[in-house]
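Below: the structure, in structure tokens.
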Amino acid sequence: MINANDNRKRMVVLFATIFLVGIGFSIIMPVLPYYAESMGASAFQLGMLITVYAVCQFIFAPVWGAYSDKVGRKPVLLLGILGYSVTFILFGFATQLWMLYVIRIVGGILACATMPTAMAYVGDTTSLKKRGSAMGMIGASMGIGMVFGPAIGGLLSSISLAFPFVFAGLLALANAISVYILLPESLANENRVISKVERASLLDGLKTPLVVLFLFICLGSIGESIHHGTFALFAEQKLAFTARDIGWAFTAAGIVMALVQGFLVGRLINRLGEEKTAATGIILMGISFGLFIFMYNIPTSIAFMAVFSAGVGLMRPSVSAAVSKRTVTGQGSAMGILNGYDSLGRAIGPMLGGFMLDRGLNMGYYCAITISLLALLTLVIGSRITANQGEGSFL
């Protein structure tokens, strides 16, 4: 058994790891649209650049999750971080648009090993009662990293548009070294799966009582990634925002997400349950999409981004905690399936958002509002169907 003190040390190292992943991920958020534009990308091509990354995550996240049930969490976590590091450094040295696509594909295949494995690590080392709060802390660690990342990326872009990518890759390399030295394995040999590793079937996920959660996270991710994929170009066209302006808006989002996931989501889950907390999150996210249409300066972009990130901060850890508590398969497989549906949404959203932005300035957000409403209806109606089947009501 792991004593409480040792487990706290493990969690500190894991949260620090996710914090650094958050910085690396968010450093590029205010820069990527301008970097791709410098190589001739349209809004749709930018969306496709984000989509190909998510498609690879959709395909491979369930594989890595299941693989971590067999070989342990630490080696898979290291693989994901190292893949992230190498591909981001290469991304910074790309000179043509097609190179960006190739590097993003490889990066998507490898980097998607990180989050499902980290969540499975939490599932290995926390009790059911504390799991919601622990999942919230994973999200908070990512959120705190995203506080610093956009501001750093915006500032580093003054050196060159490529430099933030190289910096993020080097940061990930340092992260991998710290994980190798400091983070012990969480999955004991006797608890590992000995059968052949197969990709966890997303179709099989539709045959379980967790189907409502899987569909909900897919729709929620579509709406979220429509915003992430098009906000910079939307703000540039609407208000002539620069990469630095976008960086401050995303920094505000990170602050709010860190506060919500670190201090609020665990309490709400314990008080309301996972599904009601997730429903609150998707409502806030949908409201924010309507607000963005009326954005008229930097302060309003920061305020509306805060509403958006509060919604995401409630939605994601709630669904992760619910799946972790209720799965009857391995934690890695369950989190792999969840991340697969999450990645499917992230694959659809940027492409759809870029297409809609090319049709009209506000069209992407009209689409995101509709998707958010569908997600809410899926959660509410699906919970009632599940209740009628005798599997317990969600809402």
Requested in this report: Output yes when any residue across segment 325-335 is modelled with pLDDT of 90 or more, within 20 Å of residue 216 (Cβ to Cβ) and either among the acidic types (Asp, Glu) or buried (at least 19 other Cβ atoms within 10 Å of the Cβ) (or both), and no when none is.
Outcome: no
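Scan segment 354-395 residue by residue and report those that are in a helix (DSSP H, G or I), of a type in the set (Gly, Ala, Ser) and at pLDDT below 90.
First, the residues of segment 354-395 that are in a helix (DSSP H, G or I): 354-359, 363-388.
When the remaining residues are screened for being of a type in the set (Gly, Ala, Ser), the result is 354, 364, 368, 372, 375, 382-383, 387.
Once the filter is applied, which keeps residues that are in a helix (DSSP H, G or I), of a type in the set (Gly, Ala, Ser) and at pLDDT below 90, segment 354-395 yields 354, 382, 383, 387.
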Query raised in the report: Can you tell me which of 288, 333 is closer than 27 Å to residue 244 by Cα, in a helix (DSSP H, G or I) and in contact with a helix residue (DSSP H, G or I) (Cβ under 6 Å, 6 or more places away or on another chain)?
Result: 288
**Report entry** Number of positions in segment 175-192 that are over 21 Å from the mean Cα position of the chain (by Cα) and closer than 15 Å to residue 14 by Cα
**Finding:** 10
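Any idea which of 86, 55 is β-branched (Val, Ile, Thr) and touching a Ser or Thr at 6+ places or on another chain (Cβ under 9 Å)?
55
Scan segment 204-239 for residues that are outside any helix (DSSP H, G or I) and of a type outside the set (A, V, I, L, M) and jot them down.
Here is the first cut: in segment 204-239, the residues outside any helix (DSSP H, G or I) are 206-210.
Answer for segment 204-239, where residues must be outside any helix (DSSP H, G or I) and of a type outside the set (A, V, I, L, M): 207, 208, 209.
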Report task. Test residue 361 against the stated conditions and say whether it is hydrophobic (A, V, I, L, M, F, W, C) and buried (at least 24 other Cβ atoms within 10 Å of the Cβ). Result -> no
Query raised in the report: Do any helices (runs of 4 or more DSSP H) entirely within segment 85-196 hold 1 or more residues that are free of Cβ contacts under 8 Å to residues at least 60 places away in the same chain and surrounded by fewer than 15 Cβ atoms within 10 Å (Cβ to Cβ), and if so, which?
Result: 97-111, 128-156, 163-182
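The values are calculated or read from the model by the stated rules, or taken from the named source; none is laboratory data. What you are looking at is a predicted structure, and each value in this text was computed from that prediction instead of being measured. Neighbour counts are summed over all protein chains in view; Cβ atoms, including those assigned to glycine, are modelled from backbone coordinates with ideal geometry.
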